[in-house]
1. To one decimal place, what Kirkwood hydrodynamic radius in Å is obtained for the range 49-149 from all pairs of distinct Cα atoms?
2. Extending each Cα 7 Å along its Cβ direction at residue 57 and residue 43, get the distance between those two points in nm, one decimal.
3. How big is the range 67-114 along each principal axis, measuring the range of its Cα positions in Å and listing the largest first?
4. In which sequence would 110, 129, 54 go, from the one with the fewest C-beta neighbours within 10 Å to the one with the most?
5. Quick one: order 165, 145 by neighbouring beta-carbon count within 10 Å, fewest to most.
6. With labels modelled as points extended 7 Å from the Cα through the Cβ direction, what inter-label distance (nm, one decimal) is found for residue 150 paired with residue 29?
7. Can you give the percent of C-alpha pairs in the chain whose distance is more than 28 Å?
8. Report Rg (one decimal) and Dmax (nearest whole number) for the range 90-170, counting Cα atoms only, units Å.
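We did not get these values from a lab; they are worked out from the coordinates using the rules stated. For clarity, every value in this text was computed on a predicted model and none was experimentally measured. Neighbour counts are summed over all protein chains in view; Cβ atoms, including those assigned to glycine, are modelled from backbone coordinates with ideal geometry.
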């Protein structure tokens with residue numbers, strides 16, 4: 001069962017996480033739910049790293065080890081933002097920005113190591129994710145209300161492409 005969760009869980013959690021983040025930006029999901037989501041993700045990533053660390057072998061999976069390990073820290077910082085209001089904004093910015101950027105880097109890294117016929121999905125996933133990141137932060141800085149949600153949706157699509165392809169190939 002642990003193996004099935006480690007192998008298939010991210011295929012559900014990645015799109016679900018971005019859906020919930022988008023719902024929060026739309027005012028449908030409250031900050032308490034996002035705080036709980038951060039704690040759940042910290043627990044899930046810690047579980048994944050502890051139980052699957054030795055199975056993440058080979059150049060591609062070692063790259064994703066780094067993404068998950070750094071992501072654990074980024075997510076924990078986001079969680080701290082909920083209990084430390086004085087530093088919440090910078091911590092939340094690090095958390096959402098980190099989770100937009102880290103998988104994009106992982107997807108690009110994966111593309112570089114994959115056979116040519118497989119590279120395209122990872123290149124597109126990384127590119128779409130970066131387009132979403134730029135859309136999100138441009139909208140936030142420019143106070144354009146609807147575009148943060150568009151950026152989040154685009155990030156979710158780009159990242160889901162990569163993880164769903166990886167699951168299909170496993």
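1. Across the range 49-149, the inverse of the average 1/r is 15.0 Å.
2. 3.1
3. Result for the range 67-114: principal-axis Cα extents of 43, 15, 8 Å.
4. Ascending number of Cβ neighbours within 10 Å: 54, 110, 129.
5. Listed from fewest to most nearby Cβ atoms, that is 145, 165.
6. With each label placed 7 Å out from Cα toward Cβ, I get 2.2 nm.
7. Details: 2755 of 14365 pairs.
The calculated P(r) of the chain puts 19 percent of pairs beyond 28 Å.
8. 13.3, 42
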